[in-house]
Amino acid sequence: MSTLLPLLVTGVTLGSVLAVLSLGFAISYWPSRHFHFAYGSVFICATYAIWYVAADRGWPLAIGIVAGGGVAVVVGLICYFVFYRPLRDEQTIFLTSFALSILVQNVLQILFGANPQAIQLPHFLAGRAFSLSSTAPVTVFALAEIVICLGIWALVEVFLRRSRAGTGLRALSSDPFLTECVGIESRRLTAWAYVIGSLLATVGAVFFALDYGLTPDAGTTPLFYAINAVLIGGTFSMTGAGLGGLLLGLVVNLGIWHLPSAWQTSIAFGVLFIILVVRPQGLLARAGT
Amino acid sequence: MVQYLLSLGPVVAIYVILAVSLNIVMGSTGVLTVAQAGFMGVGAYSTGLLMTDHHWPLIATLPVGWAIAGALGALLLLPALRIQGLLYAVVSFAFMVFATGVFTNANGLTHGALGVVGIPFFSVGPIHLTSNRDYCIAYCAIALVVVLIYYRLTASPLGVVLRAVRDDTGAAASVGVDTVRERLKVFVLGASLASLSGSLYAPLIHYVDPTTFTVFLSFLAITMVVFGGIGSVFGAVLGATLLTLLPDAITFIHLPSTTGGALAQIIYAGAVILVLRLRPRGIVPERSWRLRKRLAAAAAGRRAGDPVPQLQPGLVGGSDD
């Protein structure tokens, strides 16, 4: 039991960050049906922008985060306008997106090298912790992660349900044709979806960079987890994506309670495979989608 | 220089076989599958493990790989019957990530992250391959046989049936085609062929590394097929050859190794993006597609008021109609 509690803590921490990342992927994917594999590139560009501004140039972390957000939005919009919109077939978009992610990863490698980089926590956050129990220390930073990520998730949910744009996005997700018939301009709305998705990626990028450091290929694992979460969560469901992220963070950490930690990814994807075979529309989709 | 080219030859041959195996599945059924590298890994590990740990002759390890890969291929058919399009690609993606995890972590079975070391040279009966030139000749011969078989397959009645299943499953079923059985054949054949490419890989490199068989290798195979042309025999060969040689051609320009490698990947990715944008059907589109396009163009010259035949949506793109 004593090993379970710290795993629960890390599970919830990772789960909250994954929830935000998965939400970002879902918002880019469901309204547009573009399989935005380059979302990982948006993520990794944000981490490098934050690192470059905050750690390499020495500016405050807050400025770095703003820079990261800006870069992420630009990259996301370039993907949308230059690469995805001219194409019509979803498989071609998928492959183009994948090639893009390879391109970006290697450009980053040329610019910044393949060595891992790290970002220091600001002074007021570093080194402070409290204990849930004798074996479960929780850093203040981890707590901040959980609170911020869950708070942002709540904000996005409110946006999706209470605002016109959010409702429009949900409409686009469930039926793009009818949405256009009703008069909602899908192109601009989708562009905004990409902007929001990129911003959510930036949030995830901040925490991943601070927790794990950066390398040019560090975008793939979070991307895979986000995709995993979105599909578990259910067709067209953004809330499902967030829940999927939270669930994955917990499953992955609890899984290593009894299994060697190297099996984390395999567990996550084994679960996805089984769910997709048994219930392809995911957990939160309405029956019939 | 010559040695360098000869050392590339067998690698190209292996990728041609892999590309053909994927083309069989994608060209015949229209599904996008990211699992092909897993089947190649099965072949590589079967051959590698049986030859090093149990001293089996190479020729005996091949059917083992075919059997395991074939069974996995059949397993992956099941979701394909229920799930359409891109979602199936993601299912295969999940399977592939899981497979990579097994290759990397199942220490008892696959030697885990260490991989399989010290795989002997290719030796079947009186044929012992030792030099680059030997491997090049032998593997290119094998690849040629595979390509010929594929060509006969696409031109055969079975090929016609498979394309019918791909283009309109309902219509094919309505004329009595057992679409499930035909797709099963294709999935098993594609998986077994990929396993063969893996089994040839092991005695060439003498080492099986779990990090080789990832989704990215599957993507490489997919880009070879899409680049060359889905369903097109010559296209598969062209795609495999170009995309294997291209990164290596870059390294002839003398750059520091990390930059050179990264630049090669950038150019390769850029080439793929361009081809997907400009010729989504691939550089050499499938014969039946070219025929349909000619028919549609001829029909467009009819009197106004006649219905214009629509092109089948098919697999990839419509932006160059």
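The values are calculated or read from the model by the stated rules, or taken from the named source; none is laboratory data. Worth saying up front: this structure is predicted, and the values here are computed from it rather than measured. Please note: Cβ atoms are built from the backbone with ideal geometry, for glycine as well, and neighbour counts cover all protein chains shown. Each accessible area value is taken on the protein alone, full model and side chains, heavy atoms only, with ligands, DNA and RNA left out. Shrake-Rupley method; radii C 1.70, N 1.55, O 1.52, S 1.80 Å.
The table that follows gives values for the structure above.
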| quantity | calculated |
| --- | --- |
| Flag for B:ALA113 being within 14 Å of another protein chain (Cβ to nearest Cβ) and open to solvent by 10 Å² or more (accessible area, probe 1.4 Å) | yes |
| Any hit, the range A:188-202, residues being without any contact (Cβ under 8 Å) to a residue 24 or more places away in the chain, within 29 Å of A:GLY70 (Cβ to Cβ) and open to solvent by 10 Å² or more (accessible area, probe 1.4 Å) | yes |
| Residue pairs meeting the criteria (Cβ under 6 Å; at least 6 apart or on separate chains; first within 13 Å of chain B (Cβ to nearest Cβ) and open to solvent by 20 Å² or more (accessible area, probe 1.4 Å), in the range A:213-241; second in a helix (DSSP H, G or I) and small (Gly, Ala, Ser)) | A:THR220/A:GLY40; A:PHE236/A:SER173; A:PHE236/A:SER174 |
| Tally of residues being more than 7 Å from chain B (Cβ to nearest Cβ) and crowded, with 22+ Cβ neighbours inside 10 Å across the range A:77-96 | 4 |
| Residue check, B:VAL25 open to solvent by less than 10 Å² (accessible area, probe 1.4 Å), over 19 Å from B:LEU204 (Cβ atoms) and in a loop (DSSP other than H, G, I, E, B) | no |
| Failed item, numbered, when A:ALA114 is tested on (1) more than 10 Å from chain B (Cβ to nearest Cβ); (2) among the small types (Gly, Ala, Ser); (3) touching a residue at least 60 places away in the same chain (Cβ under 8 Å) | (1) |
| Every pair of residues 6+ apart whose Cβ atoms lie under 6 Å, when the first sits in the range A:75-96 and is at negative phi while the second is surrounded by fewer than 22 Cβ atoms within 10 Å (Cβ to Cβ) and part of a helix (DSSP H, G or I) | A:GLU90/B:LEU86; A:THR96/A:PHE83; A:THR96/B:ILE273 |
| Selected residue (criterion: farthest from B:PHE103 (Cα to Cα)) from residues of the range B:206-224 that are β-branched (Val, Ile, Thr) and in a helix (DSSP H, G or I) | B:THR223 |
| Residue that is farthest from the other protein chains (Cβ to nearest Cβ), among those in the range B:64-85 that are aliphatic (A, V, I, L, M) and crowded, with 17+ Cβ neighbours inside 10 Å | B:VAL64 |
| Of all residues making up the range A:172-186, the number that are without any contact (Cβ under 8 Å) to a residue 12 or more places away in the chain, in a helix (DSSP H, G or I), closer than 21 Å to A:VAL156 by Cα and not hydroxyl-bearing (Ser, Thr, Tyr) | 0 |
| Qualifying residue in the range A:253-271 (condition: among the aromatic types (Phe, Trp, Tyr), surrounded by fewer than 18 Cβ atoms within 10 Å (Cβ to Cβ) and at negative phi) | yes |
| Residue match in the range A:28-39 (condition: away from chain B (no Cβ under 11 Å), under 12 Å from A:VAL206 (Cα atoms), in a helix (DSSP H, G or I) and open to solvent by less than 10 Å² (accessible area, probe 1.4 Å)) | no |
| Hey, B:ALA191 open to solvent by less than 60 Å² (accessible area, probe 1.4 Å), among the hydrophobic types (A, V, I, L, M, F, W, C) and away from chain A (no Cβ under 14 Å) or not | yes |
| Residue that is more than 17 Å from B:PHE219 (Cβ to Cβ), in a helix (DSSP H, G or I) and open to solvent by 10 Å² or more (accessible area, probe 1.4 Å), where the choices are A:VAL104, A:VAL74 | A:VAL74 |
| Answer from A:ALA67, A:ALA144, A:ALA154 - the residue that is loosely packed, with under 15 Cβ neighbours inside 10 Å, of a type outside the set (S, T, N, Q), modelled with pLDDT of 90 or more and outside any loop (DSSP other than H, G, I, E, B) | A:ALA154 |
| Test: B:VAL90 is under 21 Å from the mean Cα position of the chain (by Cα) and farther than 27 Å from B:ALA155 by Cβ | yes |
| Filter result (under 19 Å from B:LEU291 (Cα atoms) and in a loop (DSSP other than H, G, I, E, B)) within the range B:124-170 | B:SER156, B:ASP168 |
| Residue within the range B:140-155 that is within 19 Å of B:THR214 (Cα to Cα), of a type in the set (Ser, Thr, Tyr), at pLDDT 80 or above and out of contact with any Asp or Glu (no Cβ under 8 Å at 6 or more places or on another chain) present | no |
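Here is a yes/no grid of residues against (1) assigned to a helix (DSSP H, G or I); (2) at pLDDT 85 or above; (3) β-branched (Val, Ile, Thr):
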residue: B:TYR4; (1), (2), (3): yes, no, no
residue: B:VAL11; (1), (2), (3): yes, yes, yes
residue: B:ILE17; (1), (2), (3): yes, yes, yes
residue: B:MET51; (1), (2), (3): yes, yes, no
residue: B:TRP66; (1), (2), (3): yes, yes, no
residue: B:LEU76; (1), (2), (3): yes, yes, no
residue: B:PHE103; (1), (2), (3): yes, yes, no
